[in-house]
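Here's the structure, in structure tokens; my notes come after.
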Amino acid sequence: MRLTVPGPRSLAGQLFAMQAVLIAVVVAGYALFSYVSDRGQAEEAATRQARAVARSVADSPSVLAATRTPDPTTELQPYALKVMRDTEVDFITIMDPRGIRWTHPDPKQIGQTFRGHTERALKGETFTETYTGTLGPSVRAVTPIQDGGRVVGLVSAGIRVEQITQRVQDQLTALLGVAVGALVLGAVGTYVINARLRRHTHGMNATELSRMHDYHQAALHAVREGLLMLDGQYRVALINDGGRELLGVAGDVVGRSVAELGLPAPLTGALLASEPRVDEVHLTASRVLVINTSPVSGGERRGTVVTLRDVTELQSLMGELDSERGFTQALRSQAHEAANRLHTVVSLIELGRAEEAVEFATAELELAQALTDQVVAAVSEPVLAALLLGKTAQANERGVELMVSEDSSLDDGLLPETLPARDLVTILGNLIDNAVDAAQGSARARVTVAAYTRHCGDCPELVLRVSDTGPGVDPAHAEAVFQRGFSTKPAGPGGRGLGLALVRQAAQRHEGSLTVAEADGGGAEFEVRLPLREPGTPAGSVPSGAAPVARGAGGDA
């Protein structure tokens, strides 16, 4: 036969059992205390009652008068029985000083000697005692009948112990009934409360809850994504290590309102929103975050669960991928054009016009080389030069002329390690894409790029300026254009309004600035200024080998 060991009770079950036992112990203890107390009180009350009845009978004038007659029993027996009925005592015995009974509930006992003590009563004292007489154990009082100071008789009144016990048992029965009712009511209340607790704890016992808490804490610290839980008043109820890192908050933030965390206004607004947010992109000072919010409700709003993902690297890689895709499309188009030109050269040779074929091919090579020479001469920094060449081909495919300003001058090796090429690609690539979008379809469809260094006090800075011939930027929107999600164009498949926000984020990360103004001849002109400082160089000092350059109208100091 296989024995099954029962599993540990749930926390709710353990609490119910403990509370039921506690209520039973309290009720049983109170019942025992009440029984002992009530019995003592009942005996004391019986003693007082017997004493009062005995004294009343002994002081009665009719009783004193009867003791002087030759046959006291004739008058005293009916009187004693009547008093017994009226006072609810079990016996009243009236006797002569020798203890010979004149009255008794049992007429056969009349004339017999009283069973009990009478010595103290014969001395004129009233006393009480518990004694076993002809009616069994009783609580009795004995008092003298006096005539002018002389004891002429004795009166004994008593209540049987059995009767006292019966009274206590009746009271105890009523008490037990109340106790059982209290126990049942307490058990029902305890069951209801614990049923609710069981729902909240999902029937788990204390060990399982403790284990779940340990798993919960371990999972929170192990998850690299950010997790933030807000209560119904939008205060931080829980935040993991990833959430602290991604939001850039430190210290004890639990219990603080989201509005007090110092987050960017759009991100704060998203966290305070009542409706859920799905894969919404937000920028902080140094990161690009994707947030998802989900309200926690159970008849009423109880809080919000927020997940945070860092897509800074992903966004940068997507920008590079877009650039590579543009380069690929430009190369495909150039390959197509090259094939057309090659067919033209071949056809001229087949027609016997070799000299014209050479002239045509030479002109095409000189044009391509001139563009490369122009870009490299102005910007010899390899990453920016490659970016400008690719963007020039992309713009040309879209019918936009991209020009590098004559005042551009940026030598290779000038940029410090603190200004990585990836950030420059993010800044200049997004500005050019934005300008090409604006200029496309305009009358002159031109984008002009300038890149040079200049002095700003004692610290040199890199200036990147991109202007276009588009409709320009409304002065009322001069600040809004840098906010994530702002765009004057319809949203595309990937969304709009992120490029300029990324440019501003990258500029601020390097303690630079981004401004927009009206370009000469119309359109918009965006300018980024980035201080050039080598690692460990304090603000205001000039890095070695970084001589500032100020050229032309665009670069005058």
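The values are calculated or read from the model by the stated rules, or taken from the named source; none is laboratory data. Because the structure is a prediction, the values reported are computed rather than measured. Neighbour counts are summed over all protein chains in view; Cβ atoms, including those assigned to glycine, are modelled from backbone coordinates with ideal geometry. Calculation scope for accessible area: heavy atoms of the full protein, side chains included, ligands and nucleic acids excluded. Shrake-Rupley method; radii C 1.70, N 1.55, O 1.52, S 1.80 Å.
Lys and Arg at +1, Asp and Glu at -1: add these up for the other residues within a Cβ distance under 15 Å of Gly99 and post the number. Kindly include the intermediate steps, with their values, before the conclusion.
Working: positive: Arg98, Arg101, Arg115, Arg120, Lys123, Arg140; negative: Asp96, Glu119, Glu129.
Result for the local shell: +3.
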For Ile145, the residues 5 or more places away or on another chain with a placed amide H closer than 5 Å to its own amide H are Val152, Gly153, Leu154, Val155
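Once you charge only the Cβ atoms, +1 for Lys and Arg and -1 for Asp and Glu, what is the size of the charge dipole of segment 38-195 about its Cα centre, to the nearest 20 debye?
Values: 17 positive and 17 negative charges, 53 e Å.
For this selection, approximately 260 debye.
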Inter-centroid distance (Cα atoms) of segment 96-137 relative to segment 438-472, Å: 131
What accessible surface, in Å², does a 1.4 Å probe find on Glu245, ignoring ligands, DNA and RNA and rounding to the nearest 10? 120
What is the local net charge at Arg160, summed over the other residues whose Cβ is closer than 10 Å to its Cβ (Lys, Arg +1; Asp, Glu -1)? -1
Can you tell me the Rg and Dmax of segment 240-308, counting just the alpha carbons, in angstroms? 12.1, 39
With every protein chain left in place, what is the accessible area of Glu525 in Å² (1.4 Å probe, nearest 10)? 50
